[in-house]
Amino acid sequence: MDTDTAIPPIPTYKLYGEREPWPTPDMVHCEAIAARSKLHNWHIKPHQHSGLFQILYLEKGEAEVRLDDRTSRMQAGEVLMVPQFCIHGFRFERDAVGYVFTLAYPLIHQLTRRLGDRFASRFARFGRPSLHRLAEDAEGDSLRMSFHAINEEYAANLPQREALVEALLTTILIRLTRSAFDAQPQQPPSQSRPAPRSGGHFVRFCDMLEEQYLSHQPVAAYAAALGISAAHLNLLCRQTAGKSALEMIHERIVLEAKRTLIYTSMTVSEAAYAVGFADPAYFTRFFKRATGLSPKQFRQQAEALHR
């Protein structure tokens, strides 16, 4: 849809409402949901982060959550994982209780290297936002205690705080990745899960895809850069993500196209060029094949839903 109405660009923050990094040397930031939400009448408008991964634990209350082009409800006892560049916003119930943990990606990379390729391949699932309900069992209780312990340790600012906070975060990430992995449908007996080295290949493919998706490289180019065959890369993607490498490439391009259509005032032609298409007509066919809607229809539907 062509429009003369100027839509402001979606803001990119370090922390919501702040253009500057937080004023500590840590690679972790912790705060209560109320600390920032109260300042904005419990409404955090859609925004994104560069170089930061967020974990939001909602202990009490409810929230309306905007993730890219989708809106859903978040209930007490749920945990939301938000990777960098995911456009997200919240409308919290007044006096909601919980915590927001913000992790710099260098810390995540350190933890990934320390925990090995199997953890890395599981954590790669969080390249997209995901919502998890804490179980009413010992595992869930341990996670709840860990969230509270991080908040207390972060606020106390005692010696070795950084090491203890990172240890608690490691516990949380391991337990959440276990939960996310185990919740997936079991693979058929004929398909084995990737070996640790293969898991590392998948993680590197995800990293490369995030950096290069706008160049529309074929699967063979990614595979060659990884030193494996295209068939091997497709097998890894199907085993780990349940879809082919090409489907993952197309999914990432479609996601960026959706963001461009919703959060900018670009025309459809301009949006096509912005996500790497030389032919707007081909972009329209590609987008409709993936979503069932033309770019114009998708934008109109998104505007109607979020007025």
Distance between modelled label sites at residue 273 and residue 171, nm, 7 Å Cα→Cβ extension: 5.4
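With +1 on each Lys and Arg Cβ and -1 on each Asp and Glu Cβ, and nothing else charged, work out how big the dipole of region 35-86 is about its Cα centre, in Debye to the nearest 20.
200
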Projected label distance in nm at residue 128 and residue 282, using a 7 Å step from Cα toward the beta-carbon: 2.5
Shape of region 16-158, Cα gyration tensor, a/c cut at 1.5: rounded
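Quick check: net charge around residue 129, other residues with Cβ under 12 Å of its Cβ, Lys/Arg +1 and Asp/Glu -1?
+2
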Cα→Cβ-extended label distance, 7 Å offset, between residue 93 and residue 38, nm: 1.9
Inter-centroid distance (Cα atoms) of region 56-135 relative to region 213-272, Å: 23
Relative packing of 62-71, 116-125, which averages over residues the other C-beta atoms within 10 Å, highest first: 116-125, 62-71
Rounded to the nearest 10 Å², the accessible area of residue 270 at probe 1.4 Å: 90
Debye intensity ratio in log₁₀ form over the Cα atoms of region 77-143, taken at each q of 0.17 Å⁻¹: -0.83
1.4 Å probe accessible area per residue over region 36-154, in Å²: 43
Aspartates and glutamates with Cα under 16 Å of residue 38, excluding same-chain neighbours fewer than 8 positions away: 18, 62, 64, 93, 95
Extension gain (nm, one decimal) between residue 246 and residue 215, 0.36 nm per residue minus Cα-Cα: 9.8 nm
Global form of region 203-307, assessed from the alpha-carbon gyration tensor, a/c cut-off 1.5: prolate
Peptides 106-114, 260-268 ordered by average Cβ neighbours within 10 Å, highest first: 260-268, 106-114
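So for each of 83-90, 148-155 I average, over its residues, the number of other beta carbons within 10 Å; can you give me the resulting order with the highest mean first?
Descending packing order for the listed peptides: 83-90, 148-155.
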Gyration tensor verdict on region 114-160 (Cα atoms; rounded if a/c is under 1.5, prolate if a/b is larger than b/c, oblate otherwise): oblate
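The values are calculated or read from the model by the stated rules, or taken from the named source; none is laboratory data. Just so we're clear, the structure is a prediction, and the values are computed from it rather than from any experiment. A quick note on method: Cβ atoms are made from the backbone with ideal geometry, for glycine too, and the neighbour counts reach across all protein chains shown. Please note that ligands, DNA and RNA were not included when accessible areas were found on the heavy atoms of the full protein model with its side chains. Shrake-Rupley method; radii C 1.70, N 1.55, O 1.52, S 1.80 Å.
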